[in-house]
1. Hey, what's the per residue convex hull volume over the C-alpha atoms of chain B, in cubic angstrom?
2. Determine the relative contact order of chain B: mean sequence separation of Cα pairs under 8 Å and six or more apart, normalised by residue count, in whole percent.
3. So for chain A: antiparallel DSSP bridges make up what percent, rounded to the nearest 5?
4. Which percent, to the nearest 5, of DSSP beta bridges fully inside the protein assembly as shown are antiparallel?
5. Averaging sequence separations of C-alpha pairs under 8 Å and six or more residues apart, then dividing by the length of the range B:167-266, give the relative contact order as a whole percent.
6. Nearest 5 percent is fine: what portion of the DSSP beta bridges confined to the range B:2-289 is antiparallel?
7. Which distance in Å, rounded to a whole number, links the C-alpha centroids of the range A:165-204 and the range A:212-272?
8. Could you work out, residue by residue across B:322-328, how many beta carbons of other chains sit within 10 Å of that residue's beta carbon, and then give the average as an integer?
């Protein structure tokens, strides 16, 4: 089985949980013998033909232009980093395409789909929805346009049985690939616009999400929580939705032993500082806990659109030097901060899954996660509290600070529990989704 | 007679490293030695050494008729020793002329007066000791950090043996119809007060090289004529004092050598001393020169020489500044109780007012000045590094 996979994040091109999830999933799928051609928002027109597990780390690349590829093969790179730099994976792709060009192209897409005799009305509408909403001047929208432009070539020239697209940024590409190749499409929902925005969000994104899910043959949701969301908010046929929980596998060379920074109990928030993750609730909890336990330290790790607001608010609450901001942390620093902490808290307002709590639990941190998160469906040894219940969260932390033995015990139980959650099982479920999709497809197109 | 009273502020803070949470507890150096050394050497080359040389030659040339005053912070003296010992030597040469007055202030250029009276008195005593040791000078005039002044400061300073004069900003909301050209008394008439004449001070310090300023270029002749005009209003032969107070870094650093600032200073005393009714005095000499009943002025609220507002808002306005400084003084108490001299030194270096100035979020023109002086990208970054430094200090304590 060979998959054409579109995703926006993959290590080292990563900004959040999506990249981590894709990494674990792809690696496990490769172990099952599934071949994957991976398309990322790289600067150069390349794809990554992944054939064995180790390929997820080395990322072998093929340039679409044969002459460029020959040149690339003759290059020698001193490190993986340098090679990826050459491909343009270490940074976000620059937008070098003029908007006019996009408009013309989208007109072409419309023409092709609208004039095609085989196209049914519903399909026309979905494409119209996708193309009319993929318009805007924002950097991100431009990058998605550019990515979508490029998808056509991959769709035509590569050989695959099925298309798998992760989150709305790659849905237009997935749709286009299906349109061009006639191959079935699986879309994966890691987060919807409702989750990310912590509110209604961007209308254009909703439309693109909706078109993608409607046009897909199957929709994979990362939790029951998300499945419910796409049924109720996007009205997607329940028969199409499959739930595959994310998993978590620690890399083998990781060091888990505690390395404290503070002598006092240390509480950690690790995630983007954006409405979705509930960092403002964390701040409120911190204020309450610090009153009872001035020896406690609260770390807020990450960056995001709420950074400034949170910083100023922490100052106005007079949290002294007990509430600290790390700014952006790289992988090693994330591990260091996990090793330095005792309690992990993620009060997400809406979290489709949430890999970060699993990682924290793997480090033995006692975790408090919001009931509004998919990850709470797969773990038992963590506190599950409504994101808005600041009092209960504060009481829980106070209790854990006052009972350090109990805190440690729950942390260890959580660690054992998380160690049993493997990507292998998740990949097995995805493989079943693939084969079911393919057999239905073959039945329909004998 | 109108006496020009020059006072120059010489100060360099210990700037903090970009301290991350992950650096805490590693007992790493909190201060950016490389940057501090670089700044000190640069400012020494551009300002301290050439200006000291120029002023020394002017003092010698005018044989006692040209006089100036300095206030040099402890953190500046320490960093001279570390990064530019020849600068310290050149100040000593100036001290030896007898035409230079050294003012007293807080050793760490701190805002301790507003938060911790004992710490304030300690830092003033440390500074007086330093001036005695380095220059053999006993300070008699007091200058609080950034010319911050209010009535209760005069009470405190009066209690310290030997201080007779305090200098501060000539704030209009206090002076109202009065002129800063006379020496005043503090509200209880115990202390002599000198007020900065900010229009003419700022003509040199801020506007000298501003090509959009209608008076550009500022020539010595023009400037001394303006000064001369000030004497016309005085009909009773009272001695006037034109207090030109500014950062020493004005010379060669804020106003580059190319602007002609050094030429201006070179010819300024000649032009002044050509006129018999103009001369120079140091702040402490004004005490004896005040040949009239001095009016008492009350400053119920603190004033300073910073920004348009001339209040505390450059250091103590937003929540970050308040949380940072309150946490510092709380921690300083704990450090003193613990009695570790190394930690106390760190805490005191963190009391330098510049740290709070970097956290200032005022916009418009003043914001630009703040940005010019800040080694960090934003007030938020400055705050983060500072709070991390305080968290680190607290870990070292326990």
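Every read-out reported here was derived from the displayed coordinates using simple, explicitly stated rules and does not represent laboratory data. Keep in mind that what you see is a predicted model, and the values were worked out from it rather than measured. For neighbour counting, all protein chains shown are included, and Cβ atoms are generated from backbone atoms with ideal geometry for every residue, glycine included.
1. Expressed per residue, the convex hull around the Cα atoms of chain B is 135 Å³.
2. Answer for chain B is 24 percent.
3. Working: 7 of 46 bridges.
Close to 15 percent.
4. In the protein assembly as shown, approximately 15 percent of DSSP beta bridges are antiparallel ones.
5. In percent, rounded to a whole number, it is 32.
6. 10
7. Centre-to-centre (Cα) distance: 16 Å.
8. 4
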